[in-house]
Amino acid sequence: MSLLVSKRGLECEFKLSFQGPESDSTISNTERRSKLYEKMEKDLDEHGAAFLKHGETSQSLSLSDIFTIKDGSVTPVLKQANPPVRANVLYLSTEFSTHIARAVKNIFNPYFDKAIWFQNSSLYHFSMFHASHHITPVPATKEEIDVEASAVQAVAGTFCPLNIVLDRVVLTSTGVLLGCWQVSSGTDPITIRAKLRNVLPHAPEKQLYDAAILHTSFARLLGPPKTLPTELHKTSDELQFFHELVNRLNTELRGYKAMVSELWYVEEHDVLALALNGRMNTRKFKLGCSRS
């Protein structure tokens with residue numbers, strides 16, 4: 001089974017990088033996210049199920065760099081990140097993630113069996129800002145990392161917990177199943193990213209995400225379904241099958257409400273450790289809503 005995917009495309013956290021709408025002060029952050037999600041939703045129809053073909057993902061990584069499939073079992077390929085990636089992520093508690101993970105597995109497992117990787121429900125997260133990533137590494141000493149973490153802790157105390165609602169689930173052309181969220185109340189991701197940039201001045205100028213996006217990866221499809229209705233022979237029929245599964249998931253999860261109250265500063269010692277259950281050091285900071 002081929003594990004390669006098209007070069008254009010979205011990545012997950014396993015990481016997702018999507019060129020969304022340009023910043024526009026005339027539209028609200030909610031509208032900006034909606035426009036971005038609408039564009040993401042069209043990706044599968046516009047580019048087809050590239051995860052069934054070959055190519056690369058958006059972070060200069062092929063799927064064979066990330067996963068192996070042997071005897072029908074999926075195993076992550078853990079590669080040392082040197083220097084470690086330093087990621088700032090909002091954390092989604094298992095109080096909320098467990099329900100989502102159960103729904104995703106119930107709907108997708110019967111068709112994909114081992115040709116799917118499910119995000120660890122205890123590590124559901126929303127990537128915000130990188131002090132260093134593997135595309136543009138920013139080496140740092142232990143002392144410098146401690147200073148970074150302290151700065152992040154201080155600014156995290158000024159963020160208010162986010163009450164969020166699941167806007168939609170989308171499946172991208174590269175096989176990433178994503179939850180796309182809106183913010184009902186609390187500090188907006190645009191503000192969070194701007195403040196993190198301010199306290200992390202040595203971070204890569206080019207980040208991996210649109211400033212408005214609030215997304216988390218639920219799973220990644222790695223190959224074709226093991227079973228398909230016999231009438232699905234054409235590409236359009238195959239895409240329709242994927243749409244039907246996503247529609248079922250949206251019927252169950254769209255509008256799901258959750259609260260985010262922690263920001264994590266994570267040193268990923270393996271590439272994509274948060275996505276692949278790799279080695280990492282995590283510092284967890286409560287969102288304090290302080291005005292200081």
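Derived value for the range 29-286: Kirkwood hydrodynamic radius 19.1 Å. Basis is the mean of 1/r over every pair of different alpha-carbon atoms.
Close amide H pairs (under 5 Å, H built 1.01 Å from N) link residue 280 with 269, residues at least 5 positions away or on another chain.
Local charge for residue 247 was computed over the other residues whose Cβ lies under 14 Å away, with Lys and Arg +1 and Asp and Glu -1, and equals -1. Here the extension length gained between residue 75 and residue 277 equals 71.7 nm, from 0.36 nm per residue of separation less the Cα-Cα distance. Quotient of the Cα radius of gyration of the range 85-147 and 2.2 N^0.38 Å, N being its number of residues: 1.55.
Sorted fewest first by neighbouring Cβ atoms within 10 angstrom, 227, 174 come out as 227, 174.
Stretching residue 147 away from residue 109 to a fully extended chain increases their span by 9.3 nm, per 0.36 nm per residue minus the current alpha-carbon distance.
For residue 222, the residues 5 or more places off, or on other chains, whose built amide H falls under 5 Å of its own are 116, 117.
Readers should treat all values here as calculations from the given coordinates under stated rules, not as data from a laboratory. Small disclaimer: the values here were computed from a predicted structure and weren't measured. Because the Cβ atoms are built from the backbone with ideal geometry, glycine has one as well, and the counts that use them run over all protein chains shown.
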